[in-house]
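S.K.: This is the structure I have questions about; it appears just below.
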Amino acid sequence: MGRKWANIVAKKTAKDANNSKIYAKFGIEIYAAAKSGDPDPHSNQKLKFVIDRAKTYNVPKHIIDRAIEKAKGSGDEQFSELRYEGFGPNGSMVIVDTLTNNVNRTAADVRAAFGKNGGNMGVSGAVSYMFDNTALFGFEGTDADEILEYLMDKDIDVRDVEEDEGQIMVHGEPDDFHTIQEALKEKGIENFNVAEIEMVPQNEVALTGDDLAQFEKMIDALDDLEDVQKIFHNVDLGE
């Protein structure tokens, strides 16, 4: 478990280190969620989910509010959620989730990021079958059994609760994201290191040397794309 935890925390830490980029991506995601329904998070579960995620990355309130206010305007800019799947060096698999107002641009940019960095983009479903869509919560703690029992007492079925080096990770069904989150908050857990719906790989591969360097270059190229919101992969980045 430690290695998967290391992967997720490393990914989040990298995002935290580039605040301007992550704030911009969340601004677009919040705008699109608010535009797709009621711009009130109390009645728009999709918007509430995005705002909750944004808060775990310390996105400032004024950025969240500005995106919602923009969505209340008369503009008709529409965004589409698209997923691309592909391969990197030596058995590595990558899933790229995007939010775009120009599908042709995004598809070309993602394909180029793969192709110019030793990878290739596959068809829909090419790698996602090797990942599990999972509601994932990470927070400080050392008693996984207590958390599991607590959630079971709340009649919440979870896939797994694990502990590693002072961190607890709860794996649940994506549809139960809000239910699990509210239950954990009722138990007094407010500060989540991770509160996401993640595509968790069923198996991981280890890359070394040139393969690892090329893979990291490809991931950086994908992450630099304006339309890319999330990237999932099966490469073991644990020490």
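S.K.: Answer with yes or no whether Gln202 is surrounded by 17 or more Cβ atoms within 10 Å (Cβ to Cβ) and either of a type in the set (S, T, N, Q) or in the same structural domain as Val59 (by TED's automatic domain parsing) (or both).
M.R.: Working: surrounded by 17 or more Cβ atoms within 10 Å (Cβ to Cβ): no; either of a type in the set (S, T, N, Q) or in the same structural domain as Val59 (by TED's automatic domain parsing) (or both): yes.
Judged against the criteria, Gln202 is not a match.
S.K.: Those residues that are of a type in the set (Gly, Ala, Ser) and within 18 Å of Gly37 (Cα to Cα), I need them from the stretch 50-108; list them, please. Quick ask: steps written out before the conclusion?
M.R.: To start, the set of residues in the stretch 50-108 that are of a type in the set (Gly, Ala, Ser) comprises 54, 67, 71, 73-75, 80, 86, 88, 91-92, 107-108.
Residues satisfying the conditions are Ala67, Ala71, Gly73, Ser74, Gly75, Ser80.
S.K.: Considering every residue within the stretch 170-193, establish whether at least one is farther than 23 Å from Asn133 by Cα and in the same structural domain as Pro89 (by TED's automatic domain parsing).
M.R.: No, the stretch 170-193 contains no residue that is farther than 23 Å from Asn133 by Cα and in the same structural domain as Pro89 (by TED's automatic domain parsing).
S.K.: Quick check, is Ile219 surrounded by 20 or more Cβ atoms within 10 Å (Cβ to Cβ), in a strand (DSSP E or B) and either free of Cβ contacts under 8 Å to residues at least 40 places away in the same chain or assigned by TED's automatic domain parsing to the domain that holds Ala108 (or both)? Break it down into steps so the answer makes sense when it comes.
M.R.: On the way: surrounded by 20 or more Cβ atoms within 10 Å (Cβ to Cβ): yes; in a strand (DSSP E or B): no; either free of Cβ contacts under 8 Å to residues at least 40 places away in the same chain or assigned by TED's automatic domain parsing to the domain that holds Ala108 (or both): yes.
Against the criterion (surrounded by 20 or more Cβ atoms within 10 Å (Cβ to Cβ), in a strand (DSSP E or B) and either free of Cβ contacts under 8 Å to residues at least 40 places away in the same chain or assigned by TED's automatic domain parsing to the domain that holds Ala108 (or both)), Ile219 does not qualify.
S.K.: Filtering the stretch 110-122 down to residues that are touching a strand residue (DSSP E or B) at 6+ places or on another chain (Cβ under 6 Å) and not in a helix (DSSP H, G or I), which residue is surrounded by the most Cβ atoms within 10 Å (Cβ to Cβ)? Show your work before the answer.
M.R.: Our first condition is that a residue be touching a strand residue (DSSP E or B) at 6+ places or on another chain (Cβ under 6 Å); within the stretch 110-122, this holds for 110-111, 114, 119-122.
Cutting the leftovers down to not in a helix (DSSP H, G or I) gives us 119-122.
Values: Gly119: 24, Asn120: 11, Met121: 18, Gly122: 16.
Residue satisfying both the conditions and the ranking: Gly119.
S.K.: Pick out the one residue from Ile168, Ile180, Ile147, Ile156 that is more than 25 Å from Ser92 (Cα to Cα) and in a loop (DSSP other than H, G, I, E, B). Spell out the reasoning first.
M.R.: On the way: Ile168 fails: in a loop (DSSP other than H, G, I, E, B); Ile180 fails: in a loop (DSSP other than H, G, I, E, B); Ile147 fails: in a loop (DSSP other than H, G, I, E, B).
Answer to the selection: Ile156.
S.K.: Report, by residue number, each residue of the stretch 123-144 that is in a loop (DSSP other than H, G, I, E, B) and either modelled with pLDDT of 95 or more or not acidic (Asp, Glu) (or both).
M.R.: Of the residues in the stretch 123-144, the ones in a loop (DSSP other than H, G, I, E, B) are 123-127, 141-143.
Within the stretch 123-144, Val123, Ser124, Gly125, Ala126, Val127, Gly141, Thr142 meet the criteria.
S.K.: Would you tally the residues in the stretch 48-96 being in a helix (DSSP H, G or I) and either modelled with pLDDT of 95 or more or farther than 20 Å from Ile30 by Cβ (or both)? Before you say what the answer is, go through the steps one by one.
M.R.: Of the residues in the stretch 48-96, the ones in a helix (DSSP H, G or I) are 48-56, 61-71, 89-91.
Now drop any that are not either modelled with pLDDT of 95 or more or farther than 20 Å from Ile30 by Cβ (or both), which leaves 89-91.
Residues that pass the stated criteria total 3.
S.K.: Please pick out the residue among Asp224, Asp176, Asp236, Asp211 that is loosely packed, with under 15 Cβ neighbours inside 10 Å, of a type in the set (D, E, K, R) and on the phi < 0 side of the Ramachandran plot. Can you show your working first?
M.R.: Values: Asp176 fails: loosely packed, with under 15 Cβ neighbours inside 10 Å; Asp236 fails: loosely packed, with under 15 Cβ neighbours inside 10 Å; Asp211 fails: loosely packed, with under 15 Cβ neighbours inside 10 Å.
Exactly one residue qualifies, and that residue is Asp224.
S.K.: Just checking, which of Ala135, Ala107 is surrounded by 12 or more Cβ atoms within 10 Å (Cβ to Cβ), in the same structural domain as Ser92 (by TED's automatic domain parsing), in contact with a strand residue (DSSP E or B) (Cβ under 8 Å, 6 or more places away or on another chain) and among the aliphatic types (A, V, I, L, M)?
M.R.: Values: Ala135 fails: in the same structural domain as Ser92 (by TED's automatic domain parsing).
It is Ala107.
The values are calculated or read from the model by the stated rules, or taken from the named source; none is laboratory data. As the structure is a prediction and not an experimental result, all values here were calculated from the model. We place every Cβ from the backbone using ideal geometry, glycine too, and count neighbours over all the protein chains shown.
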